[in-house]
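Chemist: Mind looking over this structure? Questions follow.
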Ligand code: IVH
């Protein structure tokens, strides 16, 4: 009788484990969940309860056991069964063709078929399965021996703890691949760390390496690691007829993620164009890749080609051009922004990085230059990540020449010669002269920019010119240019067509809604998001100009800093008369309720809100999203654009990650509505 119950319960536990494993796989590997988060949570809890009541039923491969055990003091080093080799690099088309020639020179190679995969820029990991159960996970180490980080690897949900039976010949296998973080997950994690005042990671690869070395698996479990498999080693030599391509399919069947971009190529021309294509498109990948890996597809041929030194002769890494490089810092100049912020900019000897020539990079502020001890004439490292402005990240003295003196931050504005001011406790310096030509140009450029008044034909070159000619002194002057057509036509190289284009663009901008006008005014701390909130609250510029600081602070998301900035902007007579002139120019300085909805910053996007929020209730957040033109849904699906996740977000978070939905924590949500 007892045995009967036990058997029944143990069968029940096994069914639950199988179901959860299946849903994990659908969720984390295939990104197509089929049950709701609530249903998944219920299954998980049921298994947890059952295992609590019957601890003897807990198996090491149970999904409840991903995070278990005590933090390790240090990792033990374990020999690899087969060495983990590294790949030889090809940096040019010629080197890729040379690789193909070497492969073909092998007698009997015929016309080789190759598989091309992304070269993941992560951390390699080897997983040993014994009798289908994950037995050990080793880092690459020195290639012969690696660290045993099994407890950490178990927390990665795209690593199966048990493989489905009957698919791999023999009684065990080894799966090698790369652990990485997607750019999106990395960004979200760093945002959270910034909020929490923690140190930021430099890039996804460093974050992954640092995470895998943590001694406490619980901490690892909280980091968004993923595993992509690229090699299957079986104990049996099923390799005679086998191919790498077939192994990739098998890995997929075993429940691993493999590169979706893998492709079979039978000519080297095809490979070269694949490499070129992906070099240009690398930014569109969800993860960092630093090249493509080309592998001979036939396993028998791989074996015959063997390895030299530590590189196999059957594979090669075709590298993408690097996004960081070294060059000489020729000079440091200062850039004055529209608010008077002074930013030092590096003038560089041209360097070709990731497809473009770089001649300038940001140096942020005086402290940054001092901290890295960057001096003119130094050899500097320049980095270009994603879409950000290139930055100088380190400097070394020039060889064979005397190093120049430390950079002294100028005391006067390079544009108007007024003294620069660096307020107590701030890293930035400012030019406080409102009529500084650089600030005038900056304000006009901001006015004309996309997201503000969006005036085609009024880019920075034209703004410079018109300010220099005395035709523009402030943004209201833009609307009197039509009356000065003749003068414009007298300007060098300005024909009828370009003048008409410019005047047409200016005319169209009169139709822009009030929120754009308010944002375009460039009031400090009033980004597009705050402008939208103010328009929602006041509806017209008159109302806003009358508002006191206290009243403004009543608006959700508007604090003392923003309120102060707005009241002091409108307190200045010059700004009030600017508003008058803009009104006379026919600009929209009010917005109706219906217009408000249509123009909202979240218009056209769908949101889901989950977890506990500290600043306001979930319902308040939903109302706010709707007021800003967004749609609110209740469940994660491919149609959802953004998940706003508070603490304890439950399984919606994982589901959103799996589907690549953008994830905002409360801090990010707040910053979107205030600064975007
Ligand atoms: S195959 C003989 N495939 O590149 C090595 N490696 O220098 C067989 N890597 O340590 C490795 N993406 O960490 C292979 N699709 C891919 C890869 C890949 C990244 C890494 C791997 C290895 C290094 C080789």
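Chemist: So, in segment 133-170, exactly how many residues are part of a strand (DSSP E or B) and under 33 Å from the mean Cα position of the chain (by Cα)?
Modeler: Step one: of segment 133-170, the residues part of a strand (DSSP E or B) are 133-139, 145-148, 162.
Add one more test, that the residue is under 33 Å from the mean Cα position of the chain (by Cα), and what stays is 134, 136-139, 146-148, 162.
Total satisfying the criteria: 9.
Chemist: If you don't mind, there's one more thing I want to ask. I need the full set of residues from segment 222-231 which are crowded, with 18+ Cβ neighbours inside 10 Å and away from the ligand (no atom under 15 Å from the Cβ), in order please.
Modeler: Within segment 222-231, 223, 224 qualify.
Chemist: Within segment 67-83, how many residues turn out to be modelled with pLDDT of 80 or more and out of contact with any strand residue (DSSP E or B) (no Cβ under 8 Å at 6 or more places or on another chain)? Lay out the reasoning, then the answer.
Modeler: Residues of segment 67-83 modelled with pLDDT of 80 or more: 67, 74-83.
Now narrow it down to the ones that are out of contact with any strand residue (DSSP E or B) (no Cβ under 8 Å at 6 or more places or on another chain): 67, 74, 83.
The number of residues fulfilling the criteria is 3.
Chemist: Take the residues in segment 212-221 that are more than 16 Å from the ligand (Cβ to nearest atom) and crowded, with 21+ Cβ neighbours inside 10 Å, then tell me which one is farthest from the chain's Cα centre (by Cα).
Modeler: Per the stated criteria, the residue is 217.
Chemist: Could you grab me the full set of residues in segment 548-585 that are at negative phi and not in a helix (DSSP H, G or I)? Full working, then the answer.
Modeler: Taking segment 548-585 first, the residues at negative phi are 548-556, 558-585.
Within segment 548-585, 548, 554, 555, 556, 558, 559, 572, 585 qualify.
Chemist: Return the residues of segment 354-363 that are free of Cβ contacts under 8 Å to residues at least 60 places away in the same chain and surrounded by fewer than 19 Cβ atoms within 10 Å (Cβ to Cβ); say none if nothing qualifies.
Modeler: The answer is 356, 357, 359, 360, 362.
Chemist: Where the second residue is in a helix (DSSP H, G or I) and surrounded by fewer than 15 Cβ atoms within 10 Å (Cβ to Cβ) and the first is on the phi < 0 side of the Ramachandran plot and lies in segment 199-224, which pairs have Cβ atoms under 8 Å and are six or more apart or on separate chains?
Modeler: These pairs meet every condition: 199/193; 200/193; 200/194; 201/193; 201/210; 211/219.
Chemist: Then there's this: Please pick out the residue among 404, 399, 417 that is closer than 17 Å to residue 327 by Cβ and at pLDDT 90 or above.
Modeler: On the way: 399 fails: at pLDDT 90 or above; 417 fails: closer than 17 Å to residue 327 by Cβ.
Answer to the check: 404.
Chemist: Of all the residues that make up segment 244-282, how many are under 30 Å from residue 154 (Cα atoms), loosely packed, with under 14 Cβ neighbours inside 10 Å and touching a residue at least 24 places away in the same chain (Cβ under 8 Å)?
Modeler: 1
Chemist: In segment 103-132, what residues are under 12 Å from residue 294 (Cβ atoms) and either more than 14 Å from the ligand (Cβ to nearest atom) or in a helix (DSSP H, G or I) (or both)?
Modeler: Restricting attention to segment 103-132, the residues satisfying the condition of being under 12 Å from residue 294 (Cβ atoms) are 103, 112-119.
If the condition is that a residue be under 12 Å from residue 294 (Cβ atoms) and either more than 14 Å from the ligand (Cβ to nearest atom) or in a helix (DSSP H, G or I) (or both), then 103, 112, 113 are the ones that fit.
Chemist: Among the numbered criteria (1) more than 30 Å from residue 290 (Cβ to Cβ); (2) assigned to a loop (DSSP other than H, G, I, E, B); (3) free of Cβ contacts under 8 Å to residues at least 24 places away in the same chain, which one does residue 399 miss?
Modeler: With (1) more than 30 Å from residue 290 (Cβ to Cβ); (2) assigned to a loop (DSSP other than H, G, I, E, B); (3) free of Cβ contacts under 8 Å to residues at least 24 places away in the same chain applied to residue 399, the lone miss is (1).
Chemist: Which condition breaks for residue 477 when tested against (1) free of Cβ contacts under 8 Å to residues at least 60 places away in the same chain; (2) touching a helix residue (DSSP H, G or I) at 6+ places or on another chain (Cβ under 8 Å)?
Modeler: (2)
Chemist: Select from segment 338-352 the residues that are farther than 24 Å from residue 378 by Cα and buried (at least 18 other Cβ atoms within 10 Å of the Cβ) and list them in ascending order.
Modeler: We begin by selecting, within segment 338-352, every residue farther than 24 Å from residue 378 by Cα; these are 338-341.
Those that are farther than 24 Å from residue 378 by Cα and buried (at least 18 other Cβ atoms within 10 Å of the Cβ): 338, 340.
Chemist: Follow-up. Would you check if residue 612 is under 37 Å from the mean Cα position of the chain (by Cα) and within 25 Å of residue 481 (Cβ to Cβ)?
Modeler: no
Chemist: Among the residues of segment 133-152, which ones are within 21 Å of residue 171 (Cβ to Cβ) and either near the ligand (Cβ under 10 Å from one of its atoms) or free of Cβ contacts under 8 Å to residues at least 40 places away in the same chain (or both)?
Modeler: 135, 137, 150
Chemist: Can you confirm whether segment 8-24 contains a residue that is part of a helix (DSSP H, G or I), at pLDDT 90 or above, within 16 Å of the ligand (Cβ to nearest atom) and surrounded by 14 or more Cβ atoms within 10 Å (Cβ to Cβ)?
Modeler: No, because not a single residue in segment 8-24 is part of a helix (DSSP H, G or I), at pLDDT 90 or above, within 16 Å of the ligand (Cβ to nearest atom) and surrounded by 14 or more Cβ atoms within 10 Å (Cβ to Cβ).
Chemist: Does residue 46 satisfy being at pLDDT 90 or above, farther than 28 Å from residue 258 by Cβ, more than 16 Å from the ligand (Cβ to nearest atom) and surrounded by fewer than 19 Cβ atoms within 10 Å (Cβ to Cβ)?
Modeler: Details: at pLDDT 90 or above: yes; farther than 28 Å from residue 258 by Cβ: yes; more than 16 Å from the ligand (Cβ to nearest atom): yes; surrounded by fewer than 19 Cβ atoms within 10 Å (Cβ to Cβ): yes.
So residue 46 fits the description; yes.
Chemist: Yes or no: residue 173 in a strand (DSSP E or B) and more than 15 Å from the ligand (Cβ to nearest atom)? Before you say what the answer is, go through the steps one by one.
Modeler: Details: in a strand (DSSP E or B): yes; more than 15 Å from the ligand (Cβ to nearest atom): yes.
So residue 173 passes the test.
So that you can scan it fast, the table gives a plain yes or no per residue for (1) out of contact with any helix residue (DSSP H, G or I) (no Cβ under 6 Å at 6 or more places or on another chain); (2) free of Cβ contacts under 8 Å to residues at least 24 places away in the same chain:
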{"position": "47", "(1), (2)": "no, no"}
{"position": "74", "(1), (2)": "yes, no"}
{"position": "90", "(1), (2)": "no, no"}
{"position": "101", "(1), (2)": "yes, yes"}
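Chemist: Being surrounded by 22 or more Cβ atoms within 10 Å (Cβ to Cβ), under 16 Å from residue 673 (Cβ atoms) and in contact (Cβ under 8 Å) with a residue 40 or more places away in the chain is the filter here, so list the residues in segment 509-525 that pass it.
Modeler: Within segment 509-525, 515, 519 qualify.
Chemist: Find the residue count for segment 320-337, including only residues that are surrounded by fewer than 16 Cβ atoms within 10 Å (Cβ to Cβ) and either within 16 Å of the ligand (Cβ to nearest atom) or in a loop (DSSP other than H, G, I, E, B) (or both).
Modeler: Count: 2.
Chemist: Here's a follow-up. Please enumerate the residues belonging to segment 273-319 that are more than 10 Å from the ligand (Cβ to nearest atom), assigned to a loop (DSSP other than H, G, I, E, B) and out of contact with any helix residue (DSSP H, G or I) (no Cβ under 9 Å at 6 or more places or on another chain).
Modeler: If the condition is that a residue be more than 10 Å from the ligand (Cβ to nearest atom), assigned to a loop (DSSP other than H, G, I, E, B) and out of contact with any helix residue (DSSP H, G or I) (no Cβ under 9 Å at 6 or more places or on another chain), then 306, 309 are the ones that fit.
Chemist: OK, next. Which residues, counting only those in segment 251-272, are over 11 Å from residue 229 (Cα atoms) and part of a helix (DSSP H, G or I)?
Modeler: Correct list: 253, 268, 269, 270, 271, 272.
Chemist: Let me ask another. Look through segment 176-203, keep the residues that are farther than 21 Å from residue 228 by Cβ and either at pLDDT 85 or above or not in a loop (DSSP other than H, G, I, E, B) (or both), and return whichever of them is nearest to the ligand (Cβ to nearest atom).
Modeler: So, considering only residues that are farther than 21 Å from residue 228 by Cβ and either at pLDDT 85 or above or not in a loop (DSSP other than H, G, I, E, B) (or both), the one nearest to the ligand (Cβ to nearest atom) is 190.
The values are calculated or read from the model by the stated rules, or taken from the named source; none is laboratory data. In this text the structure is predicted, and so the values were computed from the model without any measurement. Here Cβ is always computed from backbone atoms with ideal geometry, including for glycine, and neighbour counts include all displayed protein chains.
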